[in-house]
Number of protein chains: 2
Amino acid sequence: MHITALAGGVGGARFLRGLLAAAPDADVTVIGNVGDDMTMHGLRICPDLDTVMYTLGGGIHEGQGWGRVDETFGVAEELKAYGVGPDWFTLGDKDIATHLVRTQMLGAGYPLSAVTEALCTRWELPVRLLPSTDERVETHVVVDDPEAPGGRRAVHFQEYWVRMHAPDARAIVSVGVEDAKPAPGVLEAIAEADVIVLPPSNPVVSVGTILNIPGIRQAVAGATAPVVGLSPIVGGGPVRGMADKVLAAVGVDVTAAAVAKHYGPELLDGWLVDADADASAVAEVEAAGIACRAVPLMMSSAEATRAMARAALDLAAEIAASHGSARPAS
Amino acid sequence: MHITALAGGVGGARFLRGLLAAAPDADVTVIGNVGDDMTMHGLRICPDLDTVMYTLGGGIHEGQGWGRVDETFGVAEELKAYGVGPDWFTLGDKDIATHLVRTQMLGAGYPLSAVTEALCTRWELPVRLLPSTDERVETHVVVDDPEAPGGRRAVHFQEYWVRMHAPDARAIVSVGVEDAKPAPGVLEAIAEADVIVLPPSNPVVSVGTILNIPGIRQAVAGATAPVVGLSPIVGGGPVRGMADKVLAAVGVDVTAAAVAKHYGPELLDGWLVDADADASAVAEVEAAGIACRAVPLMMSSAEATRAMARAALDLAAEIAASHGSARPAS
């Protein structure tokens, strides 16, 4: 079975681990978000790709969900002594090694997809990890700033998220998205998938940014495979992170049903909402033309996460069967 | 008093510490060698400038004479896990911070002289450290290689020195030297000096590379200040390093007198040889038209190094007095 998932960072990576546990024999392709990428100290940093890579490769700091386990900060302390760089973003030494390899390969002319493949080779990743695009697409967020001309300014997503802790957002802008193309393999992975999964990643700045790469939304919507998503909103709030702020910026209510309708029935075939908090949303989602099931959606353990992924695959199989093109979901 | 010194790495930096102790009120400008510079993992590395900076800034690893004290190797271990980079050159984490700042500033368009000044600000350096040139001048060494076309190949000096441990050299080539210009301040520091000092650095690949930058040798030879050097050769061998190999490559005998004559009386006014091993060389050097004194030349302690520097300044004062343009040497 071929499974293709569109994933953001921490939440997406954790879900993917459950997906691999639920379908150990599946051939999984992950299309990763690059909207959070940035250049710092001259190093090209891809937070979401790296979080997926470290998580599935066994190098992640489990407690925080991002960054490397047993990390050290020798370089960062010294950069601070030089008085350079922002004080709200600290790069670990092991992490810097990844960025050095990436930056040097990009500088030598390799596209991000080739660089990502090279980095993943070392991690013996159990999935194929593709950046959504080889072009630069950077998520910027428009925020209020009384001192700025016009009272607003745009900041890079990382600054918005990490330094500013997600204040009210007025708009989300994908800088460069107009000229971006899906990276090699992305459209094929969507077209050839038996199941397409949207993990409980941020629907605006993670999955949304991937879908906004010209060609990807159309490919997912037109795919023969069922497209099944898991709500990142449980009980009217994000399970993790600050998705409520960026949902508000694009005019979407912070509910499990509203996110499903934001993706829309032309894209989404199935949707999972949390059984405890959002069982009442099932009818609203189904009324919008999207098959919906209520199951536990808290990734509180490896087993709970595996069960969530299993439920998504089961729903996909059910949808495929009802479409008369049933394939076994495992 | 203005003192200008042309310095290489470890030996030059150690001597400079003695010079500052011998002339604590002097205004010292150091013209540093850039021939050893290289790019590794995309980082621009200036070993000699950094050794001077770390030594005089109090950050050097005293035992080895280069690199940082209390250094860690988190990045290097991880780069090794990625399987990239040469295994004969290991960058420490603190050192990498220096290279990140440098590389980013160079990438932003700042010349090496401005970058070096910025880096030195953090170290509150008691000297003004200038790269000999802002252009790239890389020392390559031609060595025997039976498998190479023609039986020889050229390697970067760092590879020759660090990886190959200085085998017999057939030629020393300064790649890019023809197009290099002295960095801002270099010619002024030579012209305005009261004393010009050649520390016991490598006469070929350190001081020689500096002198070969078009304009620098002429400026030193034409300076009003006395030019005094200290022999890096004691008793027929280098005090430190493998200078014998590169001296042979340029056809110079490995003796204190031969090095003085290699610099030549048109450049050098005074020369210090080791009192224990080379007192007999004094007559030969003086016969070549260079004032020569025999003093202890082993930098075995801070006090011994200070005394060497004091002897160099005393000889400079003596030479200046004999030229009828005496200036106090301290």
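What to note about this one:
- Residue count, the range A:2-51 (criterion: on the phi < 0 side of the Ramachandran plot and more than 11 Å from the chain's Cα centre (by Cα)): 25
- Test: residue in the range B:122-136 that is open to solvent by 60 Å² or more (accessible area, probe 1.4 Å), on the phi > 0 side of the Ramachandran plot and part of a helix (DSSP H, G or I): no
- The conditions of being at negative phi and at pLDDT below 95 are not met by B:Arg217.
- Residues of the range B:24-58 classified as farther than 18 Å from B:Gly85 by Cβ and touching a Cys at 6+ places or on another chain (Cβ under 7 Å), total: 2
- Qualifying residue in the range A:160-169 (condition: crowded, with 24+ Cβ neighbours inside 10 Å and either under 19 Å from A:Val127 (Cα atoms) or touching a Gly at 6+ places or on another chain (Cβ under 7 Å) (or both)): no
- Test: A:Gly237 is more than 24 Å from A:Ser322 (Cβ to Cβ) and either at pLDDT below 95 or in contact with a helix residue (DSSP H, G or I) (Cβ under 6 Å, 6 or more places away or on another chain) (or both): yes
- Within the range B:32-53, the set of residues being surrounded by fewer than 23 Cβ atoms within 10 Å (Cβ to Cβ) and either within 19 Å of B:Phe15 (Cα to Cα) or among the β-branched types (Val, Ile, Thr) (or both) comprises B:Thr39, B:Ile45.
- In the range A:29-49, the residues that are within 14 Å of chain B (Cβ to nearest Cβ) and touching a helix residue (DSSP H, G or I) at 6+ places or on another chain (Cβ under 6 Å): A:Met38, A:His41, A:Gly42, A:Leu43, A:Arg44, A:Ile45
- The listed residues are B:Gly235, B:Gly222, and the only one of them that is without any contact (Cβ under 8 Å) to a residue 40 or more places away in the chain and either within 24 Å of B:Thr139 (Cα to Cα) or of a type in the set (Gly, Ala, Ser) (or both) turns out to be B:Gly222.
- Subset of the range A:59-112 that is among the small types (Gly, Ala, Ser) and either under 14 Å from B:Ile96 (Cα atoms) or open to solvent by less than 30 Å² (accessible area, probe 1.4 Å) (or both) - its residue that is farthest from the other protein chains (Cβ to nearest Cβ): A:Gly65
- Members of the range B:245-277 that are in contact with a strand residue (DSSP E or B) (Cβ under 7 Å, 6 or more places away or on another chain), open to solvent by less than 20 Å² (accessible area, probe 1.4 Å) and in a loop (DSSP other than H, G, I, E, B): B:Leu267, B:Leu268
- Beta carbons closer than 6 Å, at least 6 apart along the sequence or on distinct chains, pair a first residue in the range B:53-81 that is on the phi > 0 side of the Ramachandran plot with a second that is part of a helix (DSSP H, G or I) for B:Gly65/B:Val10.
The values are calculated or read from the model by the stated rules, or taken from the named source; none is laboratory data. Treat the numbers as computed from the prediction; the structure is a model and nothing was measured. Virtual Cβ from ideal backbone geometry, glycine too; neighbours counted across all protein chains shown. Keep in mind that these areas ignore ligands, DNA and RNA; they rest on the heavy atoms of the full protein, side chains included. Shrake-Rupley method; radii C 1.70, N 1.55, O 1.52, S 1.80 Å.
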